[in-house]
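Report on the structure given below.
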Amino acid sequence: MNTAQKAGKRAIWLANGLVDVTVVVIVLVLLAFGGYAFWDSRQVVMAADASRYQVYKPTGEGSQLSFAELQAINPDVFAWLTVYGTHIDYPVVQGPNNTKYVSTNAEGRYSLSGAIFLDAYQKRDFTSFPSILYGHHMEQAAMLGEEGLFADKAYFEARRYGMLYFDGKEHGLEFFAFVHADAYDRKVFRTSISRSEDREAFLTMINDIATHTRDVDVGPDDRVVLLSTCSDGTTNGRDILAARISDEVFADPFATGPGDDQAEAGLSSWWSNMPLWARAGLIAAAILAALILLLTLRQAKNRRQQRRANSEVES
């Protein structure tokens, strides 16, 4: 083998090595991205998990100090919302506008998960008709993330009650409709209906457009609350759970846990609840990790061939 041939083979070997190194670097970058994506997603969800607020929950005599402590941390906290049979179990705030608590949590700190908040222009005793509570639709059952599950008739029928704490005592919630609406529908998102006949018309309209309804004795003199969150289905879609506020506090039929049907709805799988971008990053990282192995084997084979070629030349 002449000098030119040897130089050509060496150039090819160096080029192959450079390609391999470049691919490995790209793979490592993508692995880092996938790992960070998963970590970042988990951090956001963990910050919004209902369990981190349970120490503050007003659950009866002897627990008021904890709720008072949360109010001392953030005076905008004034109520507590629980939807039986779900993980919706959070303090409720009201800010000076309807943007503050989109990215501020109940402790008054910046957070992408925000907080569940009452419309800024309504009364804290829920006498505004209808009162509207807003919250993010989040992954892994955080905030109002489970509200979309009420679109399933069986899920809706199994979850009739909840609890709303305000003015120093617990009140019952009786859910009578699940509605899918547009965020800009002014007929639905009304914050102050005063006349009795207009309230009647509003309740009739809610029942007419509802995906599911329940026979609940609700009238214009009742206090009505709407839980509103983003919908998965459409860009401006909103899922709304409508409830009558009652002085009667209802027993929680899910006191031992949300139930197996909730797990079957997809809440038991960390993978299925992971954001799409995080899953895509991890899948890409796994594929490219396999490529690293293949490239490593290929590089080892090339080195063996090079050593064999060098041995033949020397001999």
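Every read-out reported here was derived from the displayed coordinates using simple, explicitly stated rules and does not represent laboratory data. Given the structure is predicted, the values throughout are model-derived calculations rather than measurements. In this analysis, Cβ positions are derived from the backbone assuming ideal geometry, glycine residues included, and neighbour counts consider all displayed protein chains.
Taking a ≥ b ≥ c as the square roots of the eigenvalues of the Cα gyration tensor, an a/c ratio of 1.5 or more together with a/b larger than b/c marks the stretch 65-157 as prolate.
Dipole size of the stretch 56-267 about its Cα centre, with +1 on Lys/Arg Cβ and -1 on Asp/Glu Cβ: approximately 680 debye, rounded to the nearest 20.
Fully extending the segment from A68 to R186 would add 38.9 nm, taking 0.36 nm per residue of separation and subtracting the current Cα-Cα distance.
Of the residues E147, E248, E170, the one with the fewest other Cβ atoms within 10 Å heads the list, and the complete ranking is E248, E170, E147. Note on R109 and L294: the model spin-label points, each 7 Å out from Cα along the C-beta direction, lie 4.5 nm apart. Here the calculated FRET efficiency for E157 and A284, from their Cβ-Cβ distance with R0 = 35 Å, stands at 0.25, rounded to the nearest 0.05. Across the stretch 56-267 the C-alpha pair distances fall into 5 Å bins from zero in the proportions 1, 7, 15, 21, 22, 18, 11, 4, 1 percent. Residues R190, R109, R223, ranked from the fewest to the most other C-beta atoms within 10 Å, line up as R109, R190, R223. Electrostatic tally near H87: other residues with Cβ closer than 10 Å to its Cβ, Lys and Arg +1, Asp and Glu -1, net -3. Exposure proxy shown here: for V179, V102, the number of other Cβ atoms within 10 Å sets the order, fewest to most, as V102, V179. Pairs of lysines in the stretch 56-267 whose Cα atoms sit within less than 23 Å of one another amount to 6, provided the residues are eight or more positions apart or on different chains.
Toward the positive end of the charge dipole of the stretch 56-267, with +1 on the Cβ of Lys and Arg and -1 on the Cβ of Asp and Glu, the farthest Cα among G114, H180, V224 is that of G114.
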